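Data block below; observations after.
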Amino acid sequence: MNRSKPEHRPPSRWGEFPPPPPVRATSRTEPLESGQLERIAAMTLMLMVTPLLAMIALGIKIESPRGPVFYRQERVGVDRRRQSAAAFCEERRKTRGFGRSFLIWKFRTMVPDAEAVTGPVWAAERDPRITRVGRVLRNLRLDELPQLMNVAVGEMSLIGPRPERPHFVEKLSGEMPYYERRLSVPPGITGLAQVERKYDESVSDVRTKLKYDLFYVQHRSTLMNVKILIKTVDVVLRGRGAR
């Protein structure tokens, strides 16, 4: 099977390329598993940042004592079924199947029961539900650190498309061709779309990020992962695109 040659660009130029087109249907559908080395790396990182995790937890409890420190939410992970090329065609199937659900770990950055009235919604700019400590954590992306636990147990990878909630996966899969293709690889704590784009505020934002996710799925490599990790450090230090 012929595949296009991966386009390698330095991290400083990733934001320059136009959003890539959707990938072609392909028979290569066996998802990549989170490797043993990656799990060991996640556990090692957790041990290294334990003092920082404790400080963050203390800050959350001081500002919002009645709420939990951690926030667990159902997300859709990698689709481990062997799918045919027809599964990725634009024609909608009568019965849709999605990836395996899991509970993602995050530091709580919003007031308790933030979606009790609104239901599942994306965070907006200057969202009043976000606490002061939570805003700092989001700016520095530190609220994502507990997801190292998800990587350690093999539910996520360090790098890959961000896992989305079942409500949005079902909705977006019916509206966007090839959306389910991003479920063919394990979701990640960081990814190409995350270092190049801001947090999702609308379906339009998701549609743009999807092009980056599909580009990553088709061209992922060790070199690209290293570049994404380097770019992630830059995003964290600069606090770009956070909500």
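Data overview
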| quantity | calculated |
| --- | --- |
| Diffusion constant of region 129-232 at 25 °C, which comes from Stokes-Einstein with the Kirkwood Cα-pair radius and 0.890 mPa s, µm²/s | 170 µm²/s |
| Least to most buried among L103, L192 (fewest other Cβ within 10 Å first) | L103, L192 |
| Burial ordering of S204, S184, S64, fewest other beta-carbon atoms within 10 Å first | S204, S64, S184 |
| Likely footprinting exposure, D234, D113, fewest C-beta neighbours within 10 Å first | D113, D234 |
| Net charge over other residues, Cβ less than 9 angstrom from the Cβ of Q73 (K, R count +1; D, E count -1) | +3 |
| Selected from G188, I228, L210, residue furthest toward positive end of dipole (region 187-238; charges at beta carbon) | I228 |
| Cβ-derived FRET efficiency at R0 25 Å, V226 paired with A57, nearest 0.05 | 0.20 |
| J(HN,Hα) series, region 44-56, from Karplus relation 6.51 cos²θ - 1.76 cosθ + 1.60, nearest Hz, glycine and proline x | 5, 5, 4, 5, 5, 9, 3, x, 5, 4, 5, 5, 5 |
| Residue-span extension gain [N139 to R126] - 0.36 nm each, minus C-alpha spacing | 3.5 nm |
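Read-outs: derived from the displayed coordinates by stated rules, not from any lab. Please read all numbers here as calculations on a predicted model, not as lab measurements. Glycine gets a Cβ as well: all are built from the backbone with ideal geometry, and neighbour counts include every protein chain shown.
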